[in-house]
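> Before anything else, here's the structure in question.
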Amino acid sequence: MNNYNVRNRLVLIAGTMGTLMLSGQLYAADYCTDKPVDGIIYKIVNAGAKKLMAAESTAKKANVELQQNTGSDSQRFKLNQQSNGYWAIQASDTEYAATVEGGSTSNGATVQQKPYSSSSSQEWQLVQITSGTYEGTYKIVNEKSGKSLTVAGSTEGSDIYQNDDAGISSQRWWLEPVNRTCGSSGSGSDSGGSSSSVDISSSAAAPTADAAKNAGANSEPLTNGKPSFIKTVDSDATVVSTLAGLLDAIDDASAGDVIYIREGTYYSSDTIKIDNSGTSSKAIVLSAYPGDDRPVFDFSSMSENSSNRGFQVSADYWHIYGFDIKKAGDNGMYLTGSHNTIEFMKFYENSDTGLQIDKGAAYNFVKNSDSYYNADSSLENADGFAAKLKVGTGNYFYGCRAWNNLDDGFDGYLRDNGYTVTTTWEYSWMIRNGYQKNGTKGVGDGNGFKTGGSDDKDLAHNGLYINTISAGNTADGYDQNSNRGTVTIYNAVAYDNSRNFGLGDGSSRELKKLTIKNSVSLDGSSSDKFGASSTSIKNNSWQNSISFSSSDFESVDIDDLLASRQSDGSLPVVEFFHLKKGSELIDAGTDVGLDYNGDAPDLGSFESK
């Protein structure tokens, strides 16, 4: 058993893949003592109350207050360091900045969120405490007033304001990274704690598993308290080997139950519905029997119809693992529940999107899954994965691949959506979408990542894309499609698409903000487009007079990306876009909080040894 000491707590991890156990309230990277990293999203946790700094609402001038952790984007803040060394603290959903009301320098002045305008009342000094009871925490000091961020109490909704610093717990804050493992700054300059993390929003990272790390992953997530690789048999599980037995087991399942499916092909002409929920501490597990070959659910007797889905999951807190869904008359799986884990699944030859998340579904975690050869009879629709239409926020895709789907690899198109939506993609590959199974081009859109879009071109789908690859798609590798949200792309590879980056729609339908760092664009057929109301595009292959070509890489063979997965479900170890020694792309990046070797991050998705 590995022991990881975290400030004032002990996290126990049973091996690399074991169940992670924390006492008390769960926070990502509990009591992390790392230095803050520019551009990374944090939870700001009060040391006394052990609750989170949060915006009261998404409204401009909404008060900043104390809240219990719910996984909401309004409780997550991006820390953006300014040229003067101070920090803007900006809500991850609205990008409004924590601001002292009216620019006051008085004790008791409240803190609100407002659009960032580089005002000194919106900038803060982050001063780490180096000794005493609150060692490792931060006092957060306003530039204009010199006063410290303070919470009025420990109850839900307590106001946050500024006051003279008195060294008390209501003025001390932990900075907890959300999408990055504590202690993972590649520069090695941060000597703070090395913790593991878990998050009820299903979007945090645990220690890196060897297999994923070997394949280039930055971090290996866990969710719902379950190990990321189901390989041991639960002696209390229900074991099924017939379709009727499976349906009965699903209907009877309650929180904490485990259902194993024996190998074989299960034919069904009806949708398999899952509508009874587990709980946050006791997910319901539906898994291939450990050690068996993969079960296959074949819905080929279904006609093509929007109601003829393979699996329909409206429940919350399920962990679905290790089987195939093919030839459904619509989606392979239609997911409208929240806080579910979909892991090591395959969706193929369905008549619409392989896996679609919709109707308010939030904080689902899709891991190490493939979706391919999905096509309707018109040869125009069917994506690999979709978080679209009325989807909720916080859905997270990790280690996934989509190839040869008739429409897009990923589709984030919204419709009639009143939510603030943020979707994350990490360590995932979109390959040759827009082509049929036989390699013939279809008439679908053919984008790799379609970041958003809406009927009236006015809805915002915020997206974070980390260590992603988009290669050989018939249209854009990364496509705006009139998305009006905030898109952030770190360490991407866009190769041999019709256009690698299509992220610069006109001013009447431009992105709110576009950030691209440490990314590579090579051999697109058309010129890339970039643009937004606000941009931060730097340290990419097309900047800083970098000279490179396909000869800089060990391989540019797209077929490498379609190799078989490793036994635990991790993506294959490939040579595709791994940098050769001496390339100008090595150490040409900027620190965005991901692991790296050498003096600075490399460009692209794979860090050189």
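The values are calculated or read from the model by the stated rules, or taken from the named source; none is laboratory data. These numbers come from a predicted model, not from an experiment. Virtual Cβ from ideal backbone geometry, glycine too; neighbours counted across all protein chains shown. Side chains included, ligands, DNA and RNA excluded: accessible areas come from the protein's heavy atoms. Shrake-Rupley method; radii C 1.70, N 1.55, O 1.52, S 1.80 Å.
> Filter the range 114-128 for residues that are open to solvent by less than 30 Å² (accessible area, probe 1.4 Å) and more than 17 Å from Val151 (Cα to Cα) and give the result.
The answer is Ser121, Gln122, Glu123.
> So which of Ile357, Ile342 is of a type in the set (A, V, I, L, M) and in the same structural domain as Tyr289 (by the TED database)?
Ile342
> Separate question: Report the residue count in the range 498-525 for those that are open to solvent by 60 Å² or more (accessible area, probe 1.4 Å) and within 14 Å of Asp479 (Cβ to Cβ).
The number of residues fulfilling the criteria is 1.
> Now, a different point. If I go through the range 476-487 residue by residue, how many of them are touching a residue at least 60 places away in the same chain (Cβ under 8 Å) and open to solvent by 10 Å² or more (accessible area, probe 1.4 Å)?
Qualifying residue count, the range 476-487: 3.
> Residue under question is Phe548, and the condition is that it be out of contact with any helix residue (DSSP H, G or I) (no Cβ under 8 Å at 6 or more places or on another chain), of a type outside the set (Ser, Thr, Tyr) and not assigned by the TED database to the domain that holds Phe397; does it hold?
Details: out of contact with any helix residue (DSSP H, G or I) (no Cβ under 8 Å at 6 or more places or on another chain): yes; of a type outside the set (Ser, Thr, Tyr): yes; not assigned by the TED database to the domain that holds Phe397: yes.
Considered against the rule, which asks whether it is out of contact with any helix residue (DSSP H, G or I) (no Cβ under 8 Å at 6 or more places or on another chain), of a type outside the set (Ser, Thr, Tyr) and not assigned by the TED database to the domain that holds Phe397, Phe548 comes out as yes.
> Take the residues of the range 254-291 that are within 23 Å of Ala361 (Cα to Cα) and charged (D, E, K, R): which is surrounded by the most Cβ atoms within 10 Å (Cβ to Cβ)?
Asp257
> When the range 258-279 is examined, which residues are found to be in a loop (DSSP other than H, G, I, E, B) and modelled with pLDDT of 95 or more?
Correct list: Arg262, Glu263, Gly264, Ser268, Ser269, Asp270, Thr271, Asp275, Asn276, Ser277.
> Follow-up. Report the residue count in the range 524-553 for those that are out of contact with any Gly (no Cβ under 9 Å at 6 or more places or on another chain) and in a strand (DSSP E or B).
Going through the range 524-553 one residue at a time, the tally reaches 5.
> So Phe606 passes all but one of these: (1) within 30 Å of Gly322 (Cβ to Cβ); (2) open to solvent by 50 Å² or more (accessible area, probe 1.4 Å). Which condition number does it fail?
(2)
> Right, another one. Which one of these is open to solvent by 10 Å² or more (accessible area, probe 1.4 Å), modelled with pLDDT under 95, more than 25 Å from Gln566 (Cβ to Cβ) and polar (S, T, N, Q): Ser307, Ser351, Ser338?
Only one candidate passes the filter, namely Ser338.
> Next up: When the residues of the range 96-113 are narrowed to those that are crowded, with 17+ Cβ neighbours inside 10 Å and either of a type in the set (S, T, N, Q) or assigned by the TED database to the domain that holds Gly485 (or both), which ends up farthest from the chain's Cα centre (by Cα)?
Restricting to residues being crowded, with 17+ Cβ neighbours inside 10 Å and either of a type in the set (S, T, N, Q) or assigned by the TED database to the domain that holds Gly485 (or both), the top hit is Ser104.
> Kindly provide the set of residues from the range 554-565 that are part of a loop (DSSP other than H, G, I, E, B), of a type outside the set (A, V, I, L, M, F, W, C) and either touching a strand residue (DSSP E or B) at 6+ places or on another chain (Cβ under 7 Å) or surrounded by fewer than 18 Cβ atoms within 10 Å (Cβ to Cβ) (or both), ordered by number.
Glu554, Asp557, Ser564
> Another question, then. Could you check how many residues of the range 151-170 are acidic (Asp, Glu), surrounded by fewer than 16 Cβ atoms within 10 Å (Cβ to Cβ) and either over 18 Å from Thr137 (Cβ atoms) or touching a Gly at 6+ places or on another chain (Cβ under 6 Å) (or both)?
Number of matching residues: 1.
> Right, here's the next one. Quickly run through the range 321-351 and pick out the residues that are of a type in the set (Ser, Thr, Tyr) and either in contact with a Pro (Cβ under 8 Å, 6 or more places away or on another chain) or more than 24 Å from Tyr435 (Cα to Cα) (or both).
Of all residues in the range 321-351, those of a type in the set (Ser, Thr, Tyr) come to 321, 334, 336, 338, 341, 348, 351.
Once the filter is applied, which keeps residues that are of a type in the set (Ser, Thr, Tyr) and either in contact with a Pro (Cβ under 8 Å, 6 or more places away or on another chain) or more than 24 Å from Tyr435 (Cα to Cα) (or both), the range 321-351 yields Tyr321, Thr336, Ser338, Thr341.
> Could we say that Tyr363 is more than 17 Å from Trp403 (Cβ to Cβ), aromatic (Phe, Trp, Tyr) and open to solvent by 20 Å² or more (accessible area, probe 1.4 Å) here?
Yes.
> Looking only at residues in the range 114-165 that are more than 20 Å from Gln67 (Cα to Cα) and aromatic (Phe, Trp, Tyr), which one is farthest from the chain's Cα centre (by Cα)?
Tyr134
> So for the range 71-89 (the condition being within 26 Å of the chain's Cα centre (by Cα), farther than 26 Å from Thr488 by Cβ and open to solvent by less than 60 Å² (accessible area, probe 1.4 Å)), does at least one residue qualify?
no
> Just need a number here: residues in the range 388-427 that are of a type in the set (Val, Ile, Thr), under 18 Å from Val178 (Cβ atoms) and touching a Gly at 6+ places or on another chain (Cβ under 8 Å).
Taking the range 388-427 and keeping what is of a type in the set (Val, Ile, Thr), we get 391, 393, 420-424.
Still in the running and under 18 Å from Val178 (Cβ atoms): 393, 420-424.
Next, only the ones that are touching a Gly at 6+ places or on another chain (Cβ under 8 Å) stay: 421-424.
The qualifying residues number 4.
> In the range 398-419, which residues are of a type in the set (D, E, K, R), under 25 Å from Ser74 (Cα atoms) and open to solvent by 10 Å² or more (accessible area, probe 1.4 Å)?
Arg415, Asp416
> Taking the stated definitions as given, is Lys581 in the same structural domain as Ser428 (by the TED database) and either closer than 30 Å to Glu343 by Cα or open to solvent by 40 Å² or more (accessible area, probe 1.4 Å) (or both)?
no
> Another question, if that's okay. Quick check on Thr393: is it in a loop (DSSP other than H, G, I, E, B) and touching an Asp or Glu at 6+ places or on another chain (Cβ under 7 Å)?
yes
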